[in-house]
Amino acid sequence: MVEPKIQAISYKVTKLLPGNEYIFRVTAVNKYGVGEPLESEPVIARNPFTVPSAPSTPEVSAVTRDSIVLTWERPEENGGAEIEGYILEKRDKDGIRWTKCNKKRLNDLRFRCTGLTEGHYYEFRVSAENAAGTGKPSAPSQYIKACDATYPPGPPSNPKVTNHSSNTVSLTWSRPIYDGGAPITGYVIEMKEAGDDEWIICSPSTGVQSTNYTVKKLKENAEYNFRICAANCEGVGEPVDLPGSVIAAEKLEAPEIELDADLRKMVNVRATATLRLFVTIRGKPEPEVKWSKVGSTLNERAQIDVTSSYTMLVIENVDRFDTGKYVVTLENLSGSKSAFINVRVLDSPSAPTNLEVKDVKRNSVSLSWEPPLIDGGAKISHYIVEKREQKRMAFTSVCTNYQVKVSEAPLPPGKVVVEDITRHSVTLSWEKPDHDGGSKITSYIVEMQPKGEDKWTLCSQAKALEATIIGLTTGEEYSFRVTAVNDKGKSDAKPLAVPVVVKDITMEPNINLLFNTYSVKAGDDLKIDVPFKARPQPEVSWKKDGHVLKQTTRVNVVTSKTSSKVIIKDANKEDVGKYEISVTNAIGTKTAEVSVVVLEKPGPPSNIKLEEVSADFISLSWDAPIYDGGCQINNYVVEKRDTTTTTWQIVSATVARTSIKVTRLTQGIEYQFRIAAENRYGKSSAIDSAPVVAQYPFEPPGPPTKLHVVHATKTGMLVAWGKPASDGGSPVIGYHIECKDQSSILWTKVNRGLLTENQFKMTGIEEGLLYHFRVYAENIAGIGPCTKPCDPVAARDPCEPPRNLRVTNITRNSVSLFWNGPEYDGGVKITGYIVEHRELPDGRWLKCNFANLQDTYFDVTGLTEDVQYEFHIIAKNSAEQLSVPSESTGPITVKDDVDPPAIIMEDKLRQLMVIKAGETIKIDAEITGRPLPVISWSKDGKEIEAKARCEITSTNFTTTLTVTDAIRKDSGQYVLTLVFAENAEDPQFLPSPPAKPKIIDSTKTTVTLSWNKPLFDGGAPVTGYRVEYRKTSDDEWFIAVQNTKTTEFTVVGLTPGAEYVFVVKSINKIGISEPSPETDKQIARERQEEPVFDISNEMRKTLIVKDGSSFTLKVPFRGKPIPNVTWAKPDIDLRVRAVIDTTDTFTSITLEKATRSDSGKYTVTLSSVAGTSSLTLNVRVLDSPGPPSHHEIDYWAGIPVQNKS
């Protein structure tokens, strides 16, 4: 025995052995004992569910170089148990093993798989898991390559106006920080006048290939706005606006001087070398340039070169007298500007000054002097004192305790090299001697020796370290040597290492790059100096990014015999790129490439994408800036804002990748995001995303379908429904069901947890009440709208069907039926029956009676002769419950049928009956026959009439004779006679007319009547009714309808405003009855009914609602015309706070998340031309109390206190 005493009609049996087969039996027990057991079928103890089927194949989105987002659909079969999670696996194309992507169980239908290797191919599969275990994996996805996608480029960065005139504006910009993963193919420039809204493309249709452009044909003094877009193979990216506006007018600039860092320091140059002072200048109009030297006049050897962008001072073979401060001065209409440069020539010092002879004695003198004005660029280490006698020409050294000056011939010069050779000349250069012999080198002697000769010939004498020997014979071979000379004499000669043949020499160009890459901070100047060698003298050209380098006021090229320089002022992103120098002469061409990087803050990111939108998070991705500012992007700054405010909030300022998942969002709020890139030089401008609402990417499901009560008893109801027509894009995860009794307006949720099945057994109901139900479906996006309430169903045991259905008569067009009432009426009175028939073999069941039938017999007429029918009966009780149909009569053929009368009686009644005086004589008999026979009782040949002691009770199938208080006189022979109905004659009477018809509706041209069937049908079925009418001012009757089978009819075609009366006549096969009494007078006009509320007393009671819950007030009403409905509550606009729904027959108001402020009186008002009606409903919200009021302190420390609050 499992359990001896169970009060309920269900029980959970536990502690069974898995896999064992069991049989259960249940026995009912009452106070009289134990009943018979009911056995179950064999049952195996095992889970009622299995592992789920495979989910759908994962779909791939948001592919980057190290991550992929995957989504999938739920399995079609959950195995009978709720899905608890998912397992996602991946496999490298080069591998054979599947590995898990998720460490924890996945509850969502999407996952971002990270940690992928760039360039590798992966496939993915997913498995579902429930209480029974993990199901089969899905089919694998296609192989997906982990790589960044290609998108349109970001906006260009750092747009600037470089120049403007009365009809042109020159623009420059830098490449986008992010190129979208594809090369930039060009740029599009758009412009508009400041007062216009329409942008006009002003660049060529093929786009601008460089990062600068001059817009022409502008209106003088007009104000313009410009913006620039970058384009790649994916399309045109976002534009960047030029800050501010530009007026097309001639530009005036005050003179500006830009000194290199080297010129801001002391410029040191060795004696005999060449001094070059290169100064970048600008100004509009072009300024006048003046060079000067402080304290003296400018050397006559000075050469000054001036252009619109630079000026250069060149002094060849400098000496100590060229030391000093040089001043450059610019002047134009806008002003003037000066700058100075300190130059120091490194040479031997000049002569001391102010030599004085003092204290002359016989054998000594005292000398004093001042330091030289020019120290030669180095500290004076000592002085040399010499003397000579007046008669002598040479000085001799004077030795003192402090120093001795020894002078001698210098050492020979250093290495001698050939600088250049032509057909008639040779240029030589050499190095200074390692020691000048203690005396200044005054000159150098160059000698030559033709081949085959022994004699050296003086060919040049120079003070510099270079000399050109001319007048040589072409083709001859010469040897050269160089000798240094000072006051003491000549040094030894230093020969050229190898003889030189005099001829024109050629040399293929050779470029000696100092650096391969130049970096410059934005706004600073840049000088690219490239030395080269070539003979004959080459031509030099420059290109930038494959295009000829265009010289402007900002970009200049200066080329000498041995080098070429690109000078860029105020560097910006436009200057970034590859610079190529090409050196060409008759021998060949040499090229070299130099990269220029401008260091500044990056351009903005581009192409913000909303990878995933959910209720509490949004995943963003974007493209890196096209231009990174010349250095690595350190991080991104992501901000968000609620679109109802202007305040931005930082989500993260340290985002390392180009994606982020923004969490902690509020569902239903619209957000906007902006993203800026940051490197070590600053933060870029931000790019804004489109506004997006934080919500699930799918909608709540639609209302369920086919809501109905399957079965109802006094203790419970089984409610069932179908799936919604639309699941909102996400599978339905369950349902919620609410109910209310018909007298209430408050719906109550009846399921505790989410319902996963499409039915629910409702218990705990109150017997006799009518209940409505409605159901909501829910998916991951939320709960959808509810169904329309189902028809009210009473909480009662179902009514059983009628019994003992029999056919009592059959004619050629009718069948007579008789039946017994149900054994159980559902606890309430049976109010009528519905007779249905159908034509065999496959006809539909049709209703036979259209009026309520309270008798247990009925004649079905209007049938077709020789056609087979079957019939059944449905019972209806006062709770509006319908029973299931009774058992069918079986096939009945409609034709005249004769069944002779028969009497069935007990044998004892056919024998002699002995009855004591005073007892009751009772004779029962069953009768049959078709048509129904006529019954008569007789005694001793005389017909028995019903008297005080004698009673005859007969039905269609039985007859009973009862004689009470029997006396001797009652002895005799009693005879029951059945007269065959075939001898009966058809009725020969007209039907009676209906009662007085009622007017139930009217319009301007119609009147609708209703009437009841006549009390007497004349012995034949009433086949229809005739409706007639006349104007009250006229005696002529008009027929509205000849024959209508219903007891309601609408008379049309009346004259608006006229007054009418109406009558109805009954029709059977004999003819037409007399007219019914006339209706009340009715004018043909729109019927007006004052608006009224159809509510019960229960609805007038105060509705009590808990805080935070929702409630609905539903008020039915009627009125003609349909009244206008308004809801009102003091101090609250219900159109904003609540949801109001109004139809032709009811109005309702629903408030979500009730608070204490929702308590109070709600007034609904109906108004029409027929009148006005108002109803006040009371609502009380149960909540924690508010703060106390009118507080007083009566005692303080035991002392009475008078307090006024």
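The values are calculated or read from the model by the stated rules, or taken from the named source; none is laboratory data. All values reported here derive from a predicted model rather than from experimental measurement. Here Cβ is always computed from backbone atoms with ideal geometry, including for glycine, and neighbour counts include all displayed protein chains. The area values use the complete protein model at the heavy-atom level, side chains included, leaving out ligands, DNA and RNA. Shrake-Rupley method; radii C 1.70, N 1.55, O 1.52, S 1.80 Å.
Annotations
- Selected residue [open to solvent by 50 Å² or more (accessible area, probe 1.4 Å), small (Gly, Ala, Ser) and within 30 Å of Glu286 (Cα to Cα)] from Ser336, Ser364: Ser336
- If you go through region 127-149 and keep only what is in contact with a strand residue (DSSP E or B) (Cβ under 6 Å, 6 or more places away or on another chain) and either closer than 13 Å to Val69 by Cα or surrounded by fewer than 21 Cβ atoms within 10 Å (Cβ to Cβ) (or both), you end up with Ser127, Glu129, Thr134, Pro137, Pro140, Ser141, Tyr143, Ile144, Lys145.
- Strands (runs of 3 or more DSSP E) fully within region 345-445 counting 1 or more residues that are of a type in the set (Val, Ile, Thr) and out of contact with any Gly (no Cβ under 8 Å at 6 or more places or on another chain): 353-358, 416-421, 426-430
- The residues of region 828-850 that are surrounded by fewer than 18 Cβ atoms within 10 Å (Cβ to Cβ), under 28 Å from Thr715 (Cα atoms) and at pLDDT below 90, listed by number, are Val828, Lys829, Thr831.
- Any hit, region 35-42, residues being acidic (Asp, Glu), closer than 30 Å to Asn78 by Cβ and either open to solvent by 60 Å² or more (accessible area, probe 1.4 Å) or in contact with a Lys or Arg (Cβ under 7 Å, 6 or more places away or on another chain) (or both): yes
- Which listed residue, of Lys103, Lys160, is closer than 22 Å to Asp241 by Cα and open to solvent by 40 Å² or more (accessible area, probe 1.4 Å): Lys160
- Looking across region 732-779, the residues that are exposed (fewer than 14 other Cβ atoms within 10 Å of the Cβ), within 36 Å of the chain's Cα centre (by Cα) and assigned to a loop (DSSP other than H, G, I, E, B) come down to Arg752, Gly753, Leu754, Thr756, Glu757.
- Top-ranked residue of region 780-801 - restricted to ones that are open to solvent by 40 Å² or more (accessible area, probe 1.4 Å) and part of a strand (DSSP E or B), ranked as modelled with the lowest pLDDT: Ile783
- Looking across region 698-731, just one residue is in contact with a Pro (Cβ under 7 Å, 6 or more places away or on another chain), at pLDDT 90 or above, surrounded by 20 or more Cβ atoms within 10 Å (Cβ to Cβ) and assigned to a strand (DSSP E or B), and that is Trp721.
- Pairing each residue of region 716-733 that is closer than 30 Å to Ala794 by Cβ with any residue that is among the aromatic types (Phe, Trp, Tyr) and surrounded by 14 or more Cβ atoms within 10 Å (Cβ to Cβ), provided the two are 6+ apart or on different chains, yields C-beta distances under 7 Å for Met717/Tyr771; Val719/Phe760; Val719/Phe773.
- Every condition in (1) aliphatic (A, V, I, L, M); (2) under 60 Å from the mean Cα position of the chain (by Cα); (3) surrounded by 14 or more Cβ atoms within 10 Å (Cβ to Cβ) holds for Val815 except the one numbered (2).
- Strands (runs of 3 or more DSSP E) contained in region 995-1090 and holding at least 1 residues open to solvent by 50 Å² or more (accessible area, probe 1.4 Å): 998-1002, 1024-1031, 1038-1044, 1048-1051, 1059-1067
- Residue match in region 1012-1027 (condition: outside the structural domain of Ile1072 (by the TED database), touching a Lys or Arg at 6+ places or on another chain (Cβ under 7 Å) and closer than 30 Å to Ser936 by Cβ): no
- Residue within region 694-710 that is within 30 Å of Lys521 (Cα to Cα) and either within 20 Å of the chain's Cα centre (by Cα) or of a type outside the set (Phe, Trp, Tyr) (or both) present: no
- Figure legend. Inter-residue proximity from region 502-516: first residues open to solvent by 70 Å² or more (accessible area, probe 1.4 Å), second residues small (Gly, Ala, Ser), beta-carbon distance below 6 Å, spacing 6+ or different chains. Indicated pairs: Met507/Ala534; Glu508/Gly588.
- Selection of region 581-625 for residues being closer than 17 Å to Asp148 by Cα and part of a strand (DSSP E or B) yields Ser606, Asn607, Ile608, Lys609, Leu610, Glu611, Ser619, Leu620, Ser621, Trp622, Asp623.
- Contact map, region 105-124: first residue closer than 17 Å to Gly95 by Cα and assigned by the TED database to the domain that holds Tyr143, second residue open to solvent by less than 70 Å² (accessible area, probe 1.4 Å) and among the basic types (Lys, Arg), Cβ cut-off under 9 Å, separation 6 or more or different chains; pairs are Leu116/Lys90; Tyr122/Lys90; Tyr122/Arg91; Glu123/Lys90; Glu123/Arg91; Phe124/Lys90; Phe124/Arg91.
- The number of residues in region 626-680 being more than 16 Å from Leu599 (Cα to Cα), in contact (Cβ under 8 Å) with a residue 24 or more places away in the chain, hydrophobic (A, V, I, L, M, F, W, C) and not in a strand (DSSP E or B) comes to 3.
- Beta carbons closer than 8 Å, at least 6 apart along the sequence or on distinct chains, pair a first residue in region 324-345 that is among the acidic types (Asp, Glu) with a second that is assigned to a strand (DSSP E or B) for Glu331/Pro255; Glu331/Glu288; Glu331/Lys290; Glu331/Lys337.
- Residues of region 872-893 include none that is more than 18 Å from Pro802 (Cβ to Cβ), part of a loop (DSSP other than H, G, I, E, B), out of contact with any Leu (no Cβ under 7 Å at 6 or more places or on another chain) and assigned by the TED database to the domain that holds Glu823.
- Residues of region 47-61 satisfying the condition of being open to solvent by 20 Å² or more (accessible area, probe 1.4 Å) and either of a type outside the set (A, V, I, L, M, F, W, C) or in a loop (DSSP other than H, G, I, E, B) (or both): Asn47, Pro48, Phe49, Thr50, Val51, Ser53, Ala54, Ser56, Thr57, Glu59, Ser61
- Gln537, sole failed condition from (1) over 57 Å from the mean Cα position of the chain (by Cα); (2) open to solvent by less than 30 Å² (accessible area, probe 1.4 Å): (2)
- Which listed residue is out of contact with any strand residue (DSSP E or B) (no Cβ under 8 Å at 6 or more places or on another chain), of a type outside the set (Phe, Trp, Tyr) and outside the structural domain of Ser1109 (by the TED database), from Thr811, Thr748: Thr811
- Taken over region 1-34, residues that are open to solvent by less than 90 Å² (accessible area, probe 1.4 Å) and either touching a Pro at 6+ places or on another chain (Cβ under 8 Å) or of a type outside the set (Val, Ile, Thr) (or both) amount to 11.
- Check on Asn804, touching a strand residue (DSSP E or B) at 6+ places or on another chain (Cβ under 7 Å), at pLDDT below 85 and not in a loop (DSSP other than H, G, I, E, B): no
- In region 925-968, counting only strands (runs of 3 or more DSSP E) that sit wholly within it, the ones holding 2 or more residues that are in contact (Cβ under 8 Å) with a residue 40 or more places away in the chain and buried (at least 16 other Cβ atoms within 10 Å of the Cβ) span 934-939, 958-963.
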